[in-house]
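K.L.:
Could you have a look at this structure, given as structure tokens, before my questions?
The values are calculated or read from the model by the stated rules, or taken from the named source; none is laboratory data. None of these values were measured; they are calculated from a predicted model. Cβ placement follows ideal geometry from the backbone for every residue including glycine, while neighbour counts extend to all protein chains displayed.
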Amino acid sequence: MMNQKEAVYSAVTSVLSDDGIEVEGDVNPHMTKERRSVVNAILFEGFRSGKISLEREFTDSELKAYVSGLQSNWLRKDKRLNGGIQYVAKNPGSRMGSGDAQLKALKALLKIKTEPSEVAEIQRFIERRESEISSERAKQVTVNVDDLPAELRAKLGV
């Protein structure tokens with residue numbers, strides 16, 4: 001059984017090589033709507049035949065949506081397909097707390113309460129918990145000092 005990353009790589013390289021395109025560097029410019037559709041069909045069939053690992057069952061329509069997103073994901077993240085570039089999330093932290101049981105419970109409670117004082121109190125707890133989570137995961141920011149204006153570098157001493 002093949003893992004999903006390898007299945008996407010295999011399907012993309014197969015489709016491109018069938019069209020006489022060598023897989024090197026960033027393949028995204030070669031991935032037309034038609035080629036993506038063929039890759040999706042290959043992946044869909046691979047899941048249905050059990051050749052590609054899948055953790056849960058999907059209906060056909062759910063699986064079609066899943067394989068499309070799966071392909072997009074690995075075209076961005078797989079260095080063999082994206083030109084060797086390390087993937088960096090555009091909005092790191094945008095899913096902050098999504099796995100936190102306490103925060104989930106607070107947000108669920110917030111949805112069912114209508115009394116303004118209760119809503120305000122729950123919101124304070126949510127904000128406090130989000131603050132705790134964000135301090136646990138200090139955002140990592142890298143700055144390329146060479147890209148800063150020389151005048152600002154001189155003022156800041158960097």
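K.L.:
Can you tell me which of Glu45, Glu24 is of a type in the set (D, E, K, R), at pLDDT below 95 and more than 30 Å from Val143 (Cβ to Cβ)?
P.N.:
Glu24
K.L.:
Further question on the same structure: Considering only region 22-34, I want to know if a residue exists there that is of a type in the set (A, V, I, L, M, F, W, C) and either under 17 Å from Met1 (Cβ atoms) or surrounded by fewer than 16 Cβ atoms within 10 Å (Cβ to Cβ) (or both).
P.N.:
Checked region 22-34: at least one residue is of a type in the set (A, V, I, L, M, F, W, C) and either under 17 Å from Met1 (Cβ atoms) or surrounded by fewer than 16 Cβ atoms within 10 Å (Cβ to Cβ) (or both).
K.L.:
Could you please let me know if Ala11 is assigned to a helix (DSSP H, G or I), free of Cβ contacts under 8 Å to residues at least 12 places away in the same chain and at negative phi?
P.N.:
Here the answer is no, as Ala11 does not meet what is asked.
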